[in-house]
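Student: Quick one: the structure is below, and I'll ask about it shortly.
The values are calculated or read from the model by the stated rules, or taken from the named source; none is laboratory data. Worth saying up front: this structure is predicted, and the values here are computed from it rather than measured. All Cβ positions, even for glycine, are placed from backbone atoms using ideal geometry, and neighbour counts span all protein chains on display. Surface accessibility is based on the protein's heavy atoms, side chains included, excluding ligands, DNA and RNA. Shrake-Rupley method; radii C 1.70, N 1.55, O 1.52, S 1.80 Å.
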Amino acid sequence: MLLSRHQREFIEAGCDEAGRGCLAGPVFAAAVILPDDFEHSVLNDSKQLSEKTRYELRVEIEQSAIAFAVASVDNIEIDEINILNASFLAMHRAIDKLKVHPQFLIIDGNRFNKYKNIPHHCIVQGDAKYFSIAAASILAKTYRDDFMKQIATEHPEYDWLKNKGYPTKKHRETILKIGFTRYHRRTFNVSDPQLAFF
């Protein structure tokens, strides 16, 4: 069972990102503030849920949250500052957009660039431990998927409708055959497609 809060003294926002390991498209991040007594029997790490369930949960999260926001960093910026810093920047942009000011942040993962003067705590696999981080993972994943579905119509040959920009065998083979689009991350290594494990 996931927990509703990491601490109860301050207004707490959970943060997570989606798309860090992709070869194309932005990295998206979300920040979510949930009610103190929030509970849900299905909400979990977005990677553990079906696409249909993720989109159903997105509606519930947006209706239940005290505040939520989603932001992104595009592939151009990713190439300029690297994917780790881009992930942190996307989270900062999401926090910037929250309509309620958080006083404490819980972050999925083991590293984070401090946001202003707000204390934070990094939690490995936090999206499977805290509802707010799980909710952020759902929003980041579904909004990013929406973006990838939109640009997939411009470049159907890369199979983004299915792989969402991740390095599947077909995606890598297509890059090696016909090259990059304006949405690809040029600093990412496109290795032998036979090594793909997605």
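Student: Among the residues of the stretch 156-192, write down those that are closer than 20 Å to Glu51 by Cα, assigned to a loop (DSSP other than H, G, I, E, B) and in contact with a strand residue (DSSP E or B) (Cβ under 8 Å, 6 or more places away or on another chain).
Tutor: Gly165
Student: Quickly run through the stretch 89-126 and pick out the residues that are open to solvent by less than 10 Å² (accessible area, probe 1.4 Å), more than 24 Å from Met1 (Cβ to Cβ) and part of a helix (DSSP H, G or I).
Tutor: Ala90, Met91, Ala94, Ile95
Student: For the stretch 1-73, give me every one of the strands (runs of 3 or more DSSP E) that falls completely inside it and has 1 or more residues that are in contact with a Lys or Arg (Cβ under 9 Å, 6 or more places away or on another chain) and modelled with pLDDT under 95. Outline the logic, then answer.
Tutor: Details: elements: 12-18, 27-33, 67-73.
Fully inside the stretch 1-73 and qualifying: nothing.
Student: Pick from the stretch 136-181 the residues that are without any contact (Cβ under 8 Å) to a residue 12 or more places away in the chain and out of contact with any Lys or Arg (no Cβ under 9 Å at 6 or more places or on another chain): which of them is surrounded by the most Cβ atoms within 10 Å (Cβ to Cβ)?
Tutor: So the residue we want is Asp146.
Student: How many residues does the stretch 30-85 contain that are closer than 17 Å to Asp127 by Cα, surrounded by 15 or more Cβ atoms within 10 Å (Cβ to Cβ), hydroxyl-bearing (Ser, Thr, Tyr) and over 16 Å from the mean Cα position of the chain (by Cα)?
Tutor: Within the stretch 30-85, residues that are closer than 17 Å to Asp127 by Cα, surrounded by 15 or more Cβ atoms within 10 Å (Cβ to Cβ), hydroxyl-bearing (Ser, Thr, Tyr) and over 16 Å from the mean Cα position of the chain (by Cα) number 1.
Student: Let me ask something else. Find all pairs meeting these conditions: Cβ atoms under 8 angstrom apart; at least six residues apart or on different chains; first residue within the stretch 34-51 and within 22 Å of Pro102 (Cα to Cα); second residue basic (Lys, Arg) and surrounded by 17 or more Cβ atoms within 10 Å (Cβ to Cβ).
Tutor: Asp36/Arg5
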